[in-house]
Amino acid sequence: MALNAGNTGNTVTVEDNDLIFVTLRGPQSGETIKTLRETLTREGALLHAQGRKVRILIDVVALKFADANSSSRIEGRKLLAELLFDAMGIVGSTQLLTLAMYLTRIARPGLNVRYFKHRSDARAWLRNEKKPKTARPISGIVFGVAIIIIGVLALLGWQFSNAYLRGFLPNLRPMNPVAAVGLLAVGYGFICYWRGTLGQLRITGACGVVLGVAALLPLHINYLLYGDRLTKIGPHTHIAQSAAICLVLMGIVGLIARRRDRWVRPAEYAAAGVIGVLALVNIFGQLYAHDFIYSLSNNFVMALNLAVAFAIAAAGIVVLALNRDVGNVLGRVTRIGWLFFAALLFIQIATYGMWNEAIIRNENASQQAFTKQAGDLADIVKEQIRGYSEVLYGFRGFFLSSTYVSQGDFNTYYKSLDLATNLPGLRSMSFISAVKTKDLPAFVRLRQQDNTLYPGGNPTFAIHSQTSAPLHYIATYSSDPNSQSSLGLDVTSIPGRTDVYNSAIALNSSFASDTVTFLKTATTPAEKGFFITIPVRSEAEQNNLGVVNVSFNYATFFPTLFNQRGLQNLNVVVKEDDGGTIYQFKNTHGDLTLATTLTVPIVNNNWHMYLQAPNNFGLSKTQTYLPLIILVSGQVLSVLFLAIFLVQLRGRRQALELADSATIDLQSERNNVLEQHEKDEAILGGIGEGLIVFNRHGNVERVNAAAQRFLGYDETELVGKNFSNVLVATNSETGHEIPRAKRPAAQALEGHKAIATKMSYTRKNGQRFPVDLNVAPVSLGGKVIGAIEVFRDITHEYELDKAKSEFVSLASHQLRTPLSAINWYAEMLVNGDAGKLKKEQAEYLREIYEGNQRMVELVNSLLDVSRLELGRMANQPVPTDMSEVVESIEKELTTAIVGKKLAFSKYITPHMAPVIGDSKQLRMIVQNLLSNATKYTPVKGSVKVVLRRATVKEVLHAGLPHERPYLFFSVQDNGYGIPEEQAVHIFEKLFRANNVRKLDVEGTGLGLYIVKKVVESMGGRVWFDSVENIGTTFYVVLPFKTTKQKGIT
Amino acid sequence: MSYCRSKLLSKKELHDGPWYNDVEITGGYMTATKRVLIVEDERPLSHALELKLAHEGIDSTVVPNGQEALDLLAKQHFDVMLLDMMMPVMDGFQVLEHLQKMSSIPTVFALSNLSVHDDQERVLAMGAKKYFIKSDTPLSLIVEEIKKA
């Protein structure tokens, strides 16, 4: 059956098994869905009304919404949702997000909607239809919640309170977070089982399998998540492979949960067994036999919480397997929810992974930078010291190049080296002469006479703090102008110095001192530092001239050296071999995770450099904050996703509310239809007339009780059969069977119009009976979809009618026979057939004759009335020239007109079209009106007749449809008129107005009654204007083509 | 006797009747051979017809029902039959049916008081020349028709 399905792509097919398949194909709009739904509602109501169970199945093929305007698109979706709730099942794919959303509503237990992959599945299901159980096994929610709690705890324990958990149970290992998330998925699977939406178990199962396998594999992501930090508290092989295996098995259980194959239940038992054994082994391994189990394999060490979780899960699977027939196994999937869940999970894992990666990269980078920095610093120190040594060797050469180096030579040479710039941290440079006691006076004299610096020499030069040592080290020259007063100092008087000089001389190479405190001078304070000494020995003369000394104070040396490098974010401590701190440099504090110690050789000593830095050493700001940025971005993204999801949820909730109200509407609509149907049934059953409903092919759809009683057939014998096959119709008059095409039902179905007629039906027992019948077509949207026939058995009326006719005939015969006799004998007497009559005799006889004539007229009028009322008036329409009729009547009335000296005038349109009507009846109209006019107009009165085509105004005045042409006929007289108060009765049978009754006794009171009956039966109207004693005008409007009726009633 | 009566019709009387001109046209003499069979069960009516025809000089025979009419027709020739439709034994319709089978039949004028339109049609269809409603028809008209027949 092809039905209006909204657009060309959509189809609605109603199958014999009461399945209505709706195929949605191609672009849809609000309008198409609306049309589709209206069709479905109507078809559904029709099936409902027939007491059949309606099952609508929606088949979706490439559905999409085509409306340009979003509000009508939304409207279309809403209607589609309503359509879905109207349906009992869905076939095919559900590719639209909207559709998937609405499906969750359908997934609600109690709403009897199913999903079928193919139409054949739906039909097969229909054959073995079972009522789905909607019981909710409490075990599902218990196990689900328990597993989820443990999963959450595991995640929290891993991230925040692991140490606490470990403190509580020392052998507890942190759970792999991947496995913990898998546990959450499996826990939700149990809740799905409780909710009866086992379809979702496929998703949770898939999550379990994927995450379990992920936990088993040495994936980089796993390493990142539990790697570095966790290895500090335990071996990183702590992921229990057994736990991962359990997870995989549980995932498989979830995947197969919807299946109903025979192998499923044993497989579930097997999985539960393995999970249970593994879980128990781990529990006992943790609590009692840890060492033993541990010795078997590190991998068998499992977190207690995980073990407990899987033990519970194993029990849950057993319960599930035991009760697997419980619950609505035809669950539906909230794909959108799971999509968001998966997306959130992915974002979280990716965020943590990237965060970790960034941290590790930063750590590596800063470690590298730190190590390089430390090496650099050591090299700087080494390089500096090497530079000093070179300067010292240069000095030695300078001193050895001449026999006498004057004060001025020293200063000139020193200045030429520009040491303050090239060798930062230099305190001073000096030359210490080695002078034997015996040579002291000559040495002093030579210095006093040296005028290279000052004119007149240096007479104040003297040896001071002289010791008794055989060899004196006398400070001779100094680069420091402020320490000129120290010149002449016998350095041997300062403890430790002599040893350094002696060591240098003995080794004949440079030698560094330990930390020394330099003497306070006029401008410099007593400060700590060190010096390097190099002997100046004339090999040719085998004579030690002295030593060149370079001294540094730490306070200047290190800052100058290091600050040049722009050190930042670094703490440096330099210590001597003996542990004494000679320098420290701190410009950072806090968590200094980077540290190193370097030993730098300083000529004959070692310096130990201790360096410390925070873990972001050497990183740019961007690098430093990258992990934080990743973490925050990930969370922001999650929140955004969550917000979108919540918006979606809200939209869905609104859709569900809408769907709820739509469902309620539909239910009440159905209830109304049912109620209406029951009412209709009661009403139809209560109708005394027979009622038959045909469909568009003429097949009987329903028959009421009266029709069954009349026809003698059962409902079952009639319904579904064609009327022409079961109902024999005959012409009541002729007894001939009416051919199918001429049957009223066929004509109503073909001709689209109502038909009223009389004919005979034949009962089941063969008896014929006359019926009065009305058939009307039933149209829907301009198309005839069937017909309704109402008929009644008129046997009784027919007989009564016949009896009346017979009575009329009889009365006619019986009354007329004596009247004929009187007539004829009187005629003969009047004519003198029986001899010449006397004048009086002739006069009396004429009175008798005329009286008899009136009696004949009366009888004729009465017979006409009877025939009119019985509908037995003959009606043979022929073209009748009304002007001829008028003239003929005028002729008949000539005697009266002339006798009363009436002025008779006619206004007749010439060559007017004839009226198609029964000539006798037309004559009756003219005859009655004209004879009345002549009769009720006094002597010398006037009668005026008008005959013409009626104007539209007159037709409208008559209340007739003005599309057809009408004849206008009026008779005006200036007679007695009709009393106003009696005007309403003038067309009544046997009524005569008071005034004329007094004046005249001739009238019968039947003429106007007959006129009205005849005129109206012909489709015309008659009315009048009258004023008493002024006159009366009767108006008649008749269609040129009069209505042909079988009879007049 | 009726034959004689018809002979006695005076010239003046002839002039008073509306048939005067017609009679003139037919040659001014009366056909003494025209025989009329009156089939009528109502005695007063058949008698009135008989009297009138006799007065007009037309020979007539009266039978009270259809059966007797048919019997008589088998033996004698009649030019005109005045046939009542409603009669005992055999009604006018049956008579007409029988007449349809016969080779030589009189001109039939149906006389009835039923005045049912359908009857008129039917009667004319069955071979009657005219159909008269007795109460509406003056005897003179019947005589005129008989003379024309």
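The values are calculated or read from the model by the stated rules, or taken from the named source; none is laboratory data. As the structure is a prediction and not an experimental result, all values here were calculated from the model. Neighbour counts are summed over all protein chains in view; Cβ atoms, including those assigned to glycine, are modelled from backbone coordinates with ideal geometry. In case anyone asks, the SASA skips ligands and DNA or RNA and just uses the protein heavy atoms, side chains included. Shrake-Rupley method; radii C 1.70, N 1.55, O 1.52, S 1.80 Å.
State whether one or more residues within region A:552-565 are within 19 Å of A:Arg386 (Cβ to Cβ) and assigned to a loop (DSSP other than H, G, I, E, B). Yes, there is a match, as at least one residue in region A:552-565 is within 19 Å of A:Arg386 (Cβ to Cβ) and assigned to a loop (DSSP other than H, G, I, E, B). In summary, A:Glu733 fulfils each of the numbered conditions (1) within 11 Å of chain B (Cβ to nearest Cβ); (2) surrounded by fewer than 18 Cβ atoms within 10 Å (Cβ to Cβ); (3) closer than 30 Å to A:Glu857 by Cβ with the single exception of condition (3). The selection criterion, being of a type outside the set (A, V, I, L, M) and farther than 16 Å from A:Ala776 by Cβ, does not hold for A:Thr757. The residue of region A:569-624 that is modelled with the highest pLDDT, among those that are among the aromatic types (Phe, Trp, Tyr) and surrounded by fewer than 18 Cβ atoms within 10 Å (Cβ to Cβ), is A:Tyr610. The lone criterion from (1) open to solvent by less than 40 Å² (accessible area, probe 1.4 Å); (2) within 11 Å of chain B (Cβ to nearest Cβ); (3) not charged (D, E, K, R) left unmet by A:Ile822 is number (1).
Here A:Glu799 passes the criteria (1) surrounded by fewer than 14 Cβ atoms within 10 Å (Cβ to Cβ); (2) within 13 Å of another protein chain (Cβ to nearest Cβ) except the one numbered (2).
When A:Leu902 is tested against the conditions (1) within 14 Å of chain B (Cβ to nearest Cβ); (2) touching a Gly at 6+ places or on another chain (Cβ under 7 Å), the lone failure is (1).
Consider region A:431-468. How many of its residues are assigned to a helix (DSSP H, G or I) and not β-branched (Val, Ile, Thr)?
11
Take A:Leu810 and tell me if it is away from chain B (no Cβ under 14 Å), out of contact with any strand residue (DSSP E or B) (no Cβ under 7 Å at 6 or more places or on another chain) and open to solvent by 70 Å² or more (accessible area, probe 1.4 Å). Here the answer is no, as A:Leu810 does not meet what is asked.
Which count do you get for residues in region A:469-493 that are without any contact (Cβ under 8 Å) to a residue 12 or more places away in the chain and either out of contact with any Ser or Thr (no Cβ under 7 Å at 6 or more places or on another chain) or assigned to a loop (DSSP other than H, G, I, E, B) (or both)? I'd like the intermediate steps shown before the answer.
Our first condition is that a residue be without any contact (Cβ under 8 Å) to a residue 12 or more places away in the chain; within region A:469-493, this holds for A:481, A:484.
Checking which are either out of contact with any Ser or Thr (no Cβ under 7 Å at 6 or more places or on another chain) or assigned to a loop (DSSP other than H, G, I, E, B) (or both) leaves us with A:481.
Total meeting the criteria: 1.
Which members of region A:823-832 meet the condition of being without any contact (Cβ under 8 Å) to a residue 12 or more places away in the chain, farther than 14 Å from B:Glu42 by Cβ and in a helix (DSSP H, G or I)? Within region A:823-832, A:Met828, A:Asn831 qualify. Take the conditions (1) open to solvent by 70 Å² or more (accessible area, probe 1.4 Å); (2) farther than 21 Å from A:Leu1006 by Cα; (3) more than 8 Å from every other protein chain (Cβ to nearest Cβ); A:Asn831 misses just one of them, which is (3). Checking the structure you have, find out if any residue of region A:538-550 is in contact with a strand residue (DSSP E or B) (Cβ under 6 Å, 6 or more places away or on another chain) and under 19 Å from A:Asp379 (Cβ atoms). No, that holds for no residue.
With respect to the conditions (1) modelled with pLDDT of 85 or more; (2) away from chain B (no Cβ under 11 Å), A:Asn852 falls short on a single one, namely (2). The set of residues from region A:681-705 being free of Cβ contacts under 8 Å to residues at least 60 places away in the same chain and not in a loop (DSSP other than H, G, I, E, B) comprises A:Glu681, A:Ala682, A:Ile683, A:Leu684, A:Gly685, A:Gly686, A:Asn699, A:Val700, A:Arg702, A:Val703, A:Ala705. Just the residues that are over 22 Å from A:Ser942 (Cα atoms) and of a type in the set (Asp, Glu), please, taken from region A:880-921. Across region A:880-921, the qualifying residues are A:Asp881, A:Asp918. So for region A:766-785 (the condition being touching a residue at least 40 places away in the same chain (Cβ under 8 Å), open to solvent by 20 Å² or more (accessible area, probe 1.4 Å), within 14 Å of chain B (Cβ to nearest Cβ) and among the hydrophobic types (A, V, I, L, M, F, W, C)), does at least one residue qualify? There is no residue in region A:766-785 that is touching a residue at least 40 places away in the same chain (Cβ under 8 Å), open to solvent by 20 Å² or more (accessible area, probe 1.4 Å), within 14 Å of chain B (Cβ to nearest Cβ) and among the hydrophobic types (A, V, I, L, M, F, W, C).
How many residues, within region A:842-898, are of a type in the set (A, V, I, L, M), touching a helix residue (DSSP H, G or I) at 6+ places or on another chain (Cβ under 9 Å) and either surrounded by fewer than 17 Cβ atoms within 10 Å (Cβ to Cβ) or more than 24 Å from A:Thr934 (Cβ to Cβ) (or both)? Quick ask: steps written out before the conclusion?
Here is the first cut: in region A:842-898, the residues of a type in the set (A, V, I, L, M) are A:842, A:845, A:848, A:855-856, A:858-859, A:862-863, A:865, A:868, A:870, A:873-874, A:878, A:882, A:885-886, A:889, A:893, A:896-898.
Narrowing the set further to residues that are touching a helix residue (DSSP H, G or I) at 6+ places or on another chain (Cβ under 9 Å) leaves A:842, A:845, A:848, A:855-856, A:859, A:862-863, A:865, A:868, A:870, A:873-874, A:878, A:882, A:885-886, A:889, A:893, A:896-897.
Retained after the next criterion (residues that are either surrounded by fewer than 17 Cβ atoms within 10 Å (Cβ to Cβ) or more than 24 Å from A:Thr934 (Cβ to Cβ) (or both)): A:842, A:845, A:848, A:870, A:873-874, A:878, A:896.
Summing the residues that are of a type in the set (A, V, I, L, M), touching a helix residue (DSSP H, G or I) at 6+ places or on another chain (Cβ under 9 Å) and either surrounded by fewer than 17 Cβ atoms within 10 Å (Cβ to Cβ) or more than 24 Å from A:Thr934 (Cβ to Cβ) (or both) in region A:842-898 gives 8.
Would it be correct to say that A:Gly488 is on the phi > 0 side of the Ramachandran plot, buried (at least 18 other Cβ atoms within 10 Å of the Cβ) and out of contact with any helix residue (DSSP H, G or I) (no Cβ under 6 Å at 6 or more places or on another chain)? Show your work before the answer.
On the way: on the phi > 0 side of the Ramachandran plot: yes; buried (at least 18 other Cβ atoms within 10 Å of the Cβ): yes; out of contact with any helix residue (DSSP H, G or I) (no Cβ under 6 Å at 6 or more places or on another chain): yes.
Yes, satisfied.
With respect to A:Val574, is the statement that it is closer than 21 Å to A:Val500 by Cβ and either part of a loop (DSSP other than H, G, I, E, B) or out of contact with any Ser or Thr (no Cβ under 9 Å at 6 or more places or on another chain) (or both) true? Criteria not met by A:Val574.
One line per residue, one yes/no per condition, for (1) β-branched (Val, Ile, Thr); (2) in a helix (DSSP H, G or I):
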position: A:Ile349; (1), (2): yes, yes
position: A:Glu357; (1), (2): no, yes
position: A:Gln368; (1), (2): no, yes
position: A:Val391; (1), (2): yes, yes
position: A:Thr403; (1), (2): yes, no
position: A:Phe410; (1), (2): no, yes
